[in-house]
1. Would you mind stating whether THR39 is among the β-branched types (Val, Ile, Thr), surrounded by fewer than 15 Cβ atoms within 10 Å (Cβ to Cβ) and in contact (Cβ under 8 Å) with a residue 12 or more places away in the chain?
2. Which condition number does ALA248 fail, the rest of (1) within 30 Å of THR295 (Cβ to Cβ); (2) touching a Lys or Arg at 6+ places or on another chain (Cβ under 6 Å) being met?
3. Quick check on SER206: is it within 14 Å of the ligand (Cβ to nearest atom), among the hydroxyl-bearing types (Ser, Thr, Tyr), farther than 24 Å from ARG296 by Cβ and at pLDDT 95 or above?
4. Can you go through THR115, THR135 and tell me which one is modelled with pLDDT of 95 or more, outside any strand (DSSP E or B), β-branched (Val, Ile, Thr) and more than 12 Å from ASN223 (Cα to Cα)?
5. Cβ-Cβ distance below 7 Å, separation of 6 or more or different chains: which pairs start in segment 8-23 with a residue that is crowded, with 17+ Cβ neighbours inside 10 Å and end on one that is acidic (Asp, Glu)?
6. Out of ALA289, ALA323, ALA316, report the one residue that is under 15 Å from TYR69 (Cα atoms), of a type in the set (Gly, Ala, Ser) and modelled with pLDDT of 95 or more.
7. Give segment 155-167 a look and list any residue that's buried (at least 24 other Cβ atoms within 10 Å of the Cβ), within 9 Å of the ligand (Cβ to nearest atom) and of a type outside the set (S, T, N, Q), or say none.
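The values are calculated or read from the model by the stated rules, or taken from the named source; none is laboratory data. All of these numbers come straight from a predicted model, not from anything done at the bench. Ideal geometry is used to build each Cβ from the backbone, glycine not excepted, and the neighbour counts take in all protein chains shown.
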Amino acid sequence: MDFTLSEEQLMIQSAARDFAQNVLKEGVIERDRDMVHPTEFIAQMGDLGFMGLMTDEKYGGAGMDTLSYAIAIEELSKVDASTSVIMSAHNSLALWGIEKYGEEELKQKYLPKMTTGEMIGAFCLSEPEAGSDATSQQTSAIDKGDHYLINGTKNWITNGKKAGAYVVIAQTNPEIRHKGINAFVVDATADGVTTGVKEDKLGIRSSDTSSVMFQDVKVPKGNRLGPEGFGFKYAMQTLDGGRIGIAAQALGIACGAYELALDYSHQRRAFGKPINNHQAIAFKLADMAMEIEATRMLVYRAAWLKDQGREYAQAAAMAKLFASEVAMKATVEAVQVHGGYGYVKEYHVERLMRDAKITQIYEGTSEIQRLVISRNIIKGSTYIDMA
Ligand code: CAA
């Protein structure tokens, strides 16, 4: 088994690390405090290839693999998880499905603008009454012959106020439940599209989360993604890939917290020696390092399976579940290693701890990941497909 990263993967790792450390780090505390969207960096991320990292070069993308994508998200998340989720939702939840299931004309219209970062994408699945229970869609998409008419409200939409293109999941025929659901690209400039207030969140505060409302929005037939009635499976497939992005984000948050804790443990002295010479602290660092390594294996493997064209839904759910729980634990421990300093903003770890929490919630809660995994193993999927 070869764990060596390719030259291309090392290149993206180094570019993402430089960008995170030299660009994003500056002002990250203030952006978090004041909920300031990192708009000024989006074009730069487009230039670096981050805004279309897995999209084909013919649409202006970087055409890289999922593993490169996970590595880039990991590096950004070590420093600024708000910016990494903007990138993750844009790439995994918007671009991926438009490229895979959109008609050529639709792709030509949206992808080149999206891969430069000129236009941001968002994914509208959750509703006030449909979160984990995603088949209970209330948003309607009525077939009017040459177009659909969309009505409804979507909640917790990452990039909600900044997006130029929304991928919207809506119900066309409630009688056949999930088989009546469709997915569409809806332009943010379409008549009847409005957004709610920017949510004042615990973490990832500088990313933009809001509700998005659709009132009698006319959507051309050509904006449907995939065949009639495919929308629920479309959403599930999108989330399978999205979960690799969030797992990579959680990995990066854990890693960022661990690196800060390790660094601090060398500098801070207590009882006449650096605190990492005390077993109470040294063992915390050992556990963090081990759990981060285990997480990285799960995340990279899920990405690799997707790149191989193999089944990855279960691997993505495992990676996301494990990574988010490790992120929570590692960030709490990083605050503890810092003592009182960990509790103030200047030392970054309290922000990472707040950011970690959402990785256990969005793109499927930890409970939903357990449901996905258990359903898979009970119906007989191979636990570890090494073949
Ligand atoms: N790929 C393809 N098809 C899938 C699938 C997958 N991964 N998972 C399920 N399906 C198919 C099933 O095969 C079934 O199809 P058939 O009837 O043809 O067999 C159909 O979808 C319905 O599946 P279930 O019967 O399993 O549906 P369910 O109601 O029991 O729920 C669920 C399944 C896994 C719980 C799903 O509802 C789910 O994932 N919920 C969580 C939703 C979620 O993650 N939301 C996050 C919102 S996005 C976000 O966070 C926004 C952001 O901006 C960051």
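1. Working: among the β-branched types (Val, Ile, Thr): yes; surrounded by fewer than 15 Cβ atoms within 10 Å (Cβ to Cβ): yes; in contact (Cβ under 8 Å) with a residue 12 or more places away in the chain: yes.
Against the criterion (among the β-branched types (Val, Ile, Thr), surrounded by fewer than 15 Cβ atoms within 10 Å (Cβ to Cβ) and in contact (Cβ under 8 Å) with a residue 12 or more places away in the chain), THR39 qualifies.
2. Here ALA248 clears every test but (2).
3. On the way: within 14 Å of the ligand (Cβ to nearest atom): no; among the hydroxyl-bearing types (Ser, Thr, Tyr): yes; farther than 24 Å from ARG296 by Cβ: yes; at pLDDT 95 or above: yes.
So SER206 does not fit the description; no.
4. On the way: THR135 fails: modelled with pLDDT of 95 or more.
Answer to the check: THR115.
5. Hits for this filter: ALA16/GLU75; ARG17/GLU75; ALA20/GLU75; ALA20/ASP80.
6. It is ALA316.
7. ILE157, GLY160
Matching residues to (1) under 30 Å from TYR59 (Cα atoms); (2) at pLDDT 95 or above; (3) within 16 Å of the ligand (Cβ to nearest atom); (4) of a type in the set (Gly, Ala, Ser):
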{"residue": "GLY121", "(1), (2), (3), (4)": "yes, yes, yes, yes"}
{"residue": "SER126", "(1), (2), (3), (4)": "yes, yes, yes, yes"}
{"residue": "TYR148", "(1), (2), (3), (4)": "yes, yes, no, no"}
{"residue": "LYS198", "(1), (2), (3), (4)": "no, yes, yes, no"}
